[in-house]
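Contents: one structure, followed by commentary.
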Amino acid sequence: MVPLGGSGLVVSARGAGTIGWGDPARGYGTRTSRSDLAAAYEVLLSGGVSFLDTAEVYGYQSLAEGASAECLLGGMPLPPGAPSSPVLGTKYFPVPWTAALVGGGVRAGRGAVVDALRASLGRLNVPAVDLYSIHFPLPYLGGEGALVDGLSAARDEGLLRAVGVCNYDARGVTRIAARLRSAGLALTTNQVAYSLLDRAAETSGVVEACGAEGVTVVAHTPLAGGVLAGRELGVRAPAAAVDEAAFWRPLTQLMKLVGAFSGNGRVDVSAAQVAINYLVAKGALPIAGVMKERHARDVVAAGDWALDANSVGVLEEKAAYLEGTKAKSFWGFGGGEQ
């Protein structure tokens, strides 16, 4: 278990994301059904995964049918074997026309923040949310101060327990943390893209800035869009996706080997588990997208073992080497795994 910033909330070291829930473009209604999500949810909670991430705009295409991500989460009964209800995080989309996606009025000023949160709470079927985050650092009608005022008002009304942001750069983290402090709020999390194949959060100073502010780095896209899952793609997969998976196969094969040595004698350690535990070893809280029971089992199983610093270094070295050969190939200097 790990703390969420200085909020007092404590969650599992590995969470799960719901970006595909209710989204037809991500397979909901075709490759994935409500029963698939329910099975995954049961595995997660029964297995001790206590942090679930969602957003008001996830699966908005299915909102009219009551099947957006928030609606689906809100309709899930607590599994009999679950130790407790999950810690939920959702997000505010600070764009004026968000009403076209999820209803409500124009997104402007502090009142819109509270109104949107109330709507999210209704869909999630909870009286308050544990973590409420600003989804993107976009210009807001009323300014950033209005966003902070809205979050403060929501806190005063008991509608949220902690405040986070998403996709903020290093300077943005420092700035918004100071604004929140001035309103008596603490910045708890910053959710950013972070994986073995995308370490921009490190090189850009985001991780360092979060550490300085006592902010937990929540890592979305920890499997690099599925590339690090290391699974074979079907015959209907786009050619570009097949090529990308083939290029990184030497890395995912190494990941499985490293996992076999690190996984407490287990022989079924997947590349996905290694990708998740890589981020745990880096001090982040990974939230792998979960749509099926097998995805959930990977998240749960990753909690049974850990990567050491030497293994992390080996994986980073291999990833950097392959990235270098890819760049050389792009510029016409040959390359490729020999």
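Each residue in segment 80-109 was checked for being of a type in the set (Ser, Thr, Tyr) and either buried (at least 21 other Cβ atoms within 10 Å of the Cβ) or part of a helix (DSSP H, G or I) (or both), and 3 of them qualify.
Residues that are of a type in the set (Gly, Ala, Ser) and either out of contact with any strand residue (DSSP E or B) (no Cβ under 6 Å at 6 or more places or on another chain) or surrounded by fewer than 17 Cβ atoms within 10 Å (Cβ to Cβ) (or both) were ranked within segment 154-174; the one that is farthest from ARG118 (Cα to Cα) is ALA170. ALA177 meets each of the listed conditions (1) in a loop (DSSP other than H, G, I, E, B); (2) crowded, with 21+ Cβ neighbours inside 10 Å apart from (1).
If only residues of segment 59-79 that are touching a Gly at 6+ places or on another chain (Cβ under 6 Å) and among the hydroxyl-bearing types (Ser, Thr, Tyr) are counted, the one that is surrounded by the fewest Cβ atoms within 10 Å (Cβ to Cβ) is SER62. Just a yes or no: is a residue in segment 212-221 modelled with pLDDT of 90 or more and assigned to a helix (DSSP H, G or I)? Looking through segment 212-221, at least one residue is modelled with pLDDT of 90 or more and assigned to a helix (DSSP H, G or I).
Taking segment 107-149, which residues are farther than 24 Å from LEU4 by Cα and of a type in the set (Ser, Thr, Tyr)? Correct list: TYR140 only. Kindly establish whether GLY184 is on the phi > 0 side of the Ramachandran plot and either under 12 Å from the mean Cα position of the chain (by Cα) or in a helix (DSSP H, G or I) (or both). It is false that GLY184 is on the phi > 0 side of the Ramachandran plot and either under 12 Å from the mean Cα position of the chain (by Cα) or in a helix (DSSP H, G or I) (or both). When VAL217 is tested against the conditions (1) within 30 Å of GLY22 (Cβ to Cβ); (2) out of contact with any helix residue (DSSP H, G or I) (no Cβ under 9 Å at 6 or more places or on another chain), the lone failure is (2). The residues on offer are ASP268, ASP298, ASP243, and the sole one that is part of a loop (DSSP other than H, G, I, E, B), out of contact with any Phe, Trp or Tyr (no Cβ under 7 Å at 6 or more places or on another chain) and either among the charged types (D, E, K, R) or at positive phi (or both) is ASP268. The residue list LEU151, LEU131, LEU197, LEU180 contains one member that is touching a strand residue (DSSP E or B) at 6+ places or on another chain (Cβ under 6 Å), at pLDDT 95 or above, within 25 Å of ARG14 (Cα to Cα) and not basic (Lys, Arg), which is LEU131.
One residue stands out among those in segment 58-79 that are touching a residue at least 12 places away in the same chain (Cβ under 8 Å) and assigned to a loop (DSSP other than H, G, I, E, B): the one that is nearest to the chain's Cα centre (by Cα), which is TYR58.
I'd like to check something: does segment 187-196 contain any residue that is surrounded by fewer than 23 Cβ atoms within 10 Å (Cβ to Cβ) and touching a Gly at 6+ places or on another chain (Cβ under 9 Å)? Within segment 187-196, none of the residues are surrounded by fewer than 23 Cβ atoms within 10 Å (Cβ to Cβ) and touching a Gly at 6+ places or on another chain (Cβ under 9 Å).
So, in segment 278-325, of the ones that are aromatic (Phe, Trp, Tyr) and surrounded by fewer than 18 Cβ atoms within 10 Å (Cβ to Cβ), which residue ends up nearest to VAL43 (Cα to Cα)? For segment 278-325, the residue satisfying everything is TRP305.
The values are calculated or read from the model by the stated rules, or taken from the named source; none is laboratory data. The structure displayed is predicted, hence computed values, not measured ones. Neighbour counts run over all protein chains shown; Cβ positions are idealised from the backbone, glycine included.
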